[in-house]
Amino acid sequence: MTCTDCLESLGPFVDGELATDEAAVVEEHLKMCADCAAAHRRILATSSQLKAALVRYQAPDVLKARIKASLTDATRGEPGRGELRPLVRAKAWPRMVAAAATVAIVSSALTFAAMRQSGSRDSAEQQVLASHIRSLMPGHLTDVASNDQHNVKPWFNGRVDMSPDVPRLDSIGFPLVGGRIDYINGRSVPVIVYTRRQHVINVFSWPESAAPDQPSVVRSNHGYNLIRLAHSGDELWIVSDLNRAELETFAKLLIAAH
């Protein structure tokens, strides 16, 4: 098995989708190839991070109370003679079903809205982190490799719905190495790639007209630093294992050069 074949099989291998004999071949290759073994470890780490980030939402107590109240009201029926009670109960069932369905729909809508509001940023964080880790695998870092901004910037024309800024920061220690297209929150986004010594810095960006310019938010996640900020109608995420102080310096220089 070649390294290329192994890397292409790592996803199905981690997910347990390979046949027994195919999985055995991959395992044997991983024992002999340090690069593929490192890629395998990165995929496992990414998978663990994504699973750890899953959030399960429970219905608020107020919704539970409304459901119980709706069911109680539906089963009361109307007073009458004993021989009419079965008919009353029979008529109550459609109201019970309708009430439960209505509350379920409202609950789902409220839960979905809450998930979108509270989880969108966390989702973006996990996605850009996973994309950053994936980019470190051989052959995944750039789609266009160049230290010339006049080669990198035009490459995105017609491929994404924005023209990303590609400032050159070589003179201050952050050389440009190229760019690529990644997939975040259901859309293709440009990624500009810089380095600092042996550290890779990925800069993700997409239009976000509703987000005013704001101070950066820095987070650490499994040994990586992530900076989120909004600037000139765009949302930017900067990801690297570079130390926090230097990455914040890079973010300030990047914005100043926009």
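Which residues, counting only those in segment 165-186, are of a type in the set (K, R) and within 16 Å of H132 (Cα to Cα)?
Start the filter on segment 165-186 by keeping residues that are of a type in the set (K, R), which leaves 168, 180.
Of everything in segment 165-186, just one residue is of a type in the set (K, R) and within 16 Å of H132 (Cα to Cα), namely R180.
So M137 clears everything in (1) out of contact with any Lys or Arg (no Cβ under 9 Å at 6 or more places or on another chain); (2) over 20 Å from A251 (Cα atoms) except one condition, right? Which one?
M137 satisfies every listed condition except (1).
Within segment 7-42, which residues are in contact with a Lys or Arg (Cβ under 9 Å, 6 or more places away or on another chain) and touching a residue at least 60 places away in the same chain (Cβ under 8 Å)?
At the first step, the residues of segment 7-42 found to be in contact with a Lys or Arg (Cβ under 9 Å, 6 or more places away or on another chain) are 37, 42.
The one that is in contact with a Lys or Arg (Cβ under 9 Å, 6 or more places away or on another chain) and touching a residue at least 60 places away in the same chain (Cβ under 8 Å): R42.
Every read-out reported here was derived from the displayed coordinates using simple, explicitly stated rules and does not represent laboratory data. For clarity, every value in this text was computed on a predicted model and none was experimentally measured. Every residue, glycine as well, gets a Cβ built from its backbone with ideal geometry; the counts of neighbours run over all protein chains shown.
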